[in-house]
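Student: Can you keep this structure in mind? I'll have questions shortly.
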Amino acid sequence: MLSARDVTVGFGSKIVLDKLNLDIYRGEILGFVGASGAGKSVLMRTVLRLLPRQSGQIKILGQDFDELNEQQRNSLDMRLGVLFQQGALFSSLTVKENIQVPMREYLDLPTSLMDELAHLKIRLVGLAADAADKYPSELSGGMIKRAALARALALDPELVFLDEPTSGLDPIGAAEFDELIAKLRDTLGLTVYMVTHDLDSLFSVCDRIAVLGKKRVMVEGTVEDMLAYDDPWVQAYFKGKRARSIVPQDSHTAAHDRPAQDSRGK
Ligand SMILES: Nc1ncnc2c1ncn2[C@@H]1O[C@H](COP(=O)(O)OP(=O)(O)OP(=O)(O)O)[C@@H](O)[C@H]1O
Ligand SMILES: [Mg+2]
């Protein structure tokens, strides 16, 4: 679904990503982690062509944007959904109108059909029907995330990019959001690229994890691969205190070492 080869991105003389390689496979949920400021959002924006790259090749759904004409680029864009880190709903538009933004941009549909589609997406992400006419300022953080997801799904994309979709949610809200994403993957056949700092998301819904460090993807694979990877940051991240209750422990220390509450609450 996505292949990045030797991608280099920088701002002025500051290189953020240096010859980065990454693959995403159909139907998987890939969790993308890395220290704050490592360049996770920069990579996402580069893949979406919102930021220029200095070199390297990126193919999405088998196609290289650089080789496409405008019409082909548009049809490829329509197959991608995005949830930005800051939610990025338009504050002057209602939820329904926000969801309809991509429809207006890419399709030419009658209003009644767009309304029907928006309501469908609102239900799909588990929002109440009356959220449709609310403005972002009238929503809770969790509802904003769901509304932004509904907008990302507006055009029935095949590949969705989610930048920290559960940050700022309470533990139960975050777990519900994870379940929703897994359900959408299963029912809609989505492929998901999810930037996250949420260890629970990584362990519960992600099929594979990629770690950004030293300006490239340092390691990618399963949780077990992460635990076995010899790098101080990766070890601290996956085996540190916050990871204790989720990562399988040595069997004899596990039970009493493990806090009773959900690890998200810590
Ligand atoms: N438009 C820009 N112009 C200049 N520098 C930028 C720009 N966007 C990002 N950067 C820099 O690139 C680096 C990576 O930023 P990025 O937002 O990708 O981090 P991140 O890994 O997403 O962090 P976080 O986990 O905090 O969201 C940072 O040093 C940031 O200051
Ligand atoms: Mg970021």
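Student: Using the heavy atoms of the protein chains alone and a 1.4 angstrom probe, what is the accessible area of the range 91-156 per residue in square angstrom?
Tutor: 49
Student: Next up: Would you please put 191-200, 112-121, 170-179 in order of how densely packed they are, using the mean number of other Cβ atoms within 10 angstrom per residue and starting with the highest?
Tutor: Put in order of decreasing packing, that is 191-200, 170-179, 112-121.
Student: For the chain, set up a Gaussian network in which alpha carbons nearer than 10 Å are linked by springs, and say which option among 69, 98, 21 fluctuates the most.
Tutor: The residue with the greatest mean-square fluctuation here is 69.
Student: Taking the Kirkwood radius as the inverse of the mean 1/r across Cα pairs, report the Rg/Rh of the chain.
Tutor: Rg/Rh: 0.98.
Student: Please give, to one decimal in nm, the separation of the simple spin-label points placed at residue 104 and residue 48, each 7 Å out from Cα toward the Cβ.
Tutor: Label at residue 104, label at residue 48, 1.8 nm between them.
Student: Got a number for carbon plus sulfur as a percent of the chain's accessible area, 1.4 Å probe?
Tutor: 50
Student: Return the Cα extents of the range 91-156 along principal axes one, two and three, sorted largest first, each rounded to a whole Å.
Tutor: Principal extents (Cα only, largest first): 31, 23, 18 Å.
Student: Whole number please: convex hull volume per residue of the Cα set in the range 150-228, in Å³?
Tutor: In the range 150-228, the Cα hull volume divided by residue count equals 107 Å³.
Student: Nothing charged except the Cβ atoms of Lys and Arg (+1) and of Asp and Glu (-1): what's the magnitude of the dipole of the chain about its Cα centre? Round to the nearest 20 debye.
Tutor: 660
Student: Still on this structure: Please list, in order, the residues from the range 163-204 whose amide nitrogen is less than 18 Å from a point placed 7 Å along the Cα→Cβ vector of residue 227.
Tutor: 199-204
Student: Do the sum for the chain: with -39,500 (n - 2.57) for every DSSP H run of n ≥ 4, divided by all residues, what is the mean residue ellipticity at 222 nm, to the nearest 500 deg cm²/dmol?
Tutor: Helix contribution divided over all residues of the chain: -11000 deg cm²/dmol.
Student: Work out how much length residue 134 to residue 93 would gain on full extension: take 0.36 nm times their residue separation and subtract the Cα-Cα distance, in nm to one decimal.
Tutor: Gain on stretching residue 134 to residue 93: 13.9 nm.
Student: Right, another one. Give 40/96; 121/145; 19/40; 19/145 a once-over and call out the pairs whose C-alpha atoms are over 21 Å from each other.
Tutor: Cα-Cα > 21 Å for 40/96; 19/145; rest within.
The values are calculated or read from the model by the stated rules, or taken from the named source; none is laboratory data. Bear in mind that the values here come from a model prediction, so they are computed numbers and not experimental data. Don't worry about glycine lacking a Cβ; one is built from the backbone with ideal geometry, like all the others, and counts go over all protein chains shown. Side chains included, ligands, DNA and RNA excluded: accessible areas come from the protein's heavy atoms. Shrake-Rupley method; radii C 1.70, N 1.55, O 1.52, S 1.80 Å.
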